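As structure tokens, the structure follows; a few thoughts come after it.
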Amino acid sequence: MNILLVGYGKMGKAIEEIAVSRGHHVVLKVSVDNLEDNTVARIREADLAIEFTGPDSAYENIIRCLEAGVPVVSGSTGWLSRMEEVKQYCQDQNGAFLYASNFSVGVNIFFEVNKRLAALMAPHPDYDVRITEIHHTEKKDSPSGTAITLAEQVMEKISRKKEWVNHISDNLGELEILSERTDPAPGTHTIEYNSSIDTITITHTAHNRKGFATGAVLAAEFIAGKKGVYAMSDILGF
């Protein structure tokens, strides 16, 4: 498969290594150094695009790939207020799009554990819940997309939590997400339920970027030849 990498930072380079090891070819790498290559014509040289950029450019990059008729896998965060627009455009173009806030197989299993634990904790208001996430200092968004996904899953099961906030809060209707930026830290996410009696905690810690990169390439292999909008749950059969 001929792959376009939109975004060639640390994650893009990790994805390239995994993709090549699995027999794929990276035919174009777009970064801040060659934005002139980020055109519909150049995109069409690839069979599929993998997009990992920033909150300010992700939406336009995804739309451009779909306009070119090239399936796109995206892991960018911080732009999700426009997700419904992307899904609609994908359908209008009869294209293919797969998004994940986190492509790690382990994290996606963690998502399922989080949903199950939240459902079990819902009838027990004596426990308050908090999410903590730690990432490297180069991460551009806060909280992380993974933390937001975890928070949305908790709020879906625990109706007394109405919204998430990215700070300490005394409002019991708010779900705290506390963010820390330190190096080196590929990513740690913790959900903690506290009561006056005890504490229940689940944590996922990434040791490196390999899990994210491998998942992104698996997503690309999955979406090739398909039409529609997909998620990691489709790949993993959850």
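The values are calculated or read from the model by the stated rules, or taken from the named source; none is laboratory data. Remember, predicted model here, so these are calculated numbers, not experimental data. Here Cβ is always computed from backbone atoms with ideal geometry, including for glycine, and neighbour counts include all displayed protein chains. Only protein heavy atoms, including side chains, enter the accessible area calculation; ligands, DNA and RNA are left aside. Shrake-Rupley method; radii C 1.70, N 1.55, O 1.52, S 1.80 Å.
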**Item:** Cα convex hull of region 59-149 - mean projected area over all directions, nm²
**Value:** 7.6 nm²
**Fill in**
Per the rule of 0.36 nm per residue minus the C-alpha distance, extending ILE168 to VAL40 adds in nm 41.6 nm
**Asked** So for the chain, taking the charge dipole from beta-carbon charges (+1 Lys/Arg, -1 Asp/Glu), which of GLY228, PRO186, ALA100 sits furthest toward the positive end?
**Response** GLY228
**Item:** Correct option for Cα extents along the principal axes in Å [calculated from the coordinates] among [x] 49, 46, 37; [y] 60, 38, 30; [z] 50, 42, 31
**Value:** [y]
**Fill in**
Ranked by GNM mean-square fluctuation in the chain (Cα springs under 10 Å), the top entry among VAL70, VAL105, VAL165 is VAL165
**Message:** With every protein chain kept in place and ligands, DNA and RNA left out, what is the accessible area per residue of region 49-151? Probe 1.4 Å, answer in Å².
**Reply:** 41 Å²
**Message:** Give me the percent of accessible area attributable to carbon and sulfur for the chain, probe 1.4 angstrom.
**Reply:** 49 percent
**Asked** Say we join alpha carbon atoms closer than 10 Å with springs in a Gaussian network model of the chain; which of SER57, SER196, SER142 then has the biggest fluctuation?
**Response** SER196
**Complete:** Once the dipole of region 80-238 is set up from charges on Cβ (+1 Lys and Arg, -1 Asp and Glu), the residue from the list PHE212, PRO123, ILE134 lying farthest towards its positive end is PHE212
**Message:** So if I restrict to the alpha-carbon atoms in region 101-238, what is the Rg, and what is Dmax, the biggest pairwise distance, in Å?
**Reply:** 15.8, 53
**Message:** Quick check: from the Cα gyration tensor, does region 1-61 come out rounded (a/c under 1.5), prolate or oblate?
**Reply:** oblate
**Message:** Need one number: the % of Cα-Cα pairs in region 25-104 sitting beyond the 21 Å mark.
**Reply:** 21 percent
**Request:** Treating only the Cβ atoms of Lys and Arg (+1) and Asp and Glu (-1) as charged, compute the dipole magnitude of the chain about its Cα centre; round to the nearest 20 debye.
**Result:** 520 debye
**Asked** Taking a 24 Å limit on the Cα-Cα distance, which of the listed pairs LYS139/LYS226; LYS139/LYS210; LYS115/LYS161; LYS157/LYS210; LYS13/LYS140 fall beyond it?
**Response** LYS139/LYS226; LYS157/LYS210
**Of LEU150, LEU48, LEU80, the one that fluctuates the most in a GNM where the chain has Cα springs shorter than 10 Å** = LEU80
**Asked** Treating the beta-carbon of each Lys and Arg as +1 and of each Asp and Glu as -1, no other charges, what is the dipole magnitude of region 127-238 about its Cα centre, to the nearest 20 debye?
**Response** 460 debye
**Complete:** For GLU176, the net charge from surrounding residues (Cβ-Cβ under 15 Å; K, R +1; D, E -1) works out to -4
**Mean separation of Cα contacts under 8 Å, 6 or more apart, over the residue count of the chain: relative contact order %** = 21 percent
**Complete:** In nm, the gap between the two label points placed 7 Å beyond Cα toward Cβ at ASN2 and ILE200 is 5.2 nm
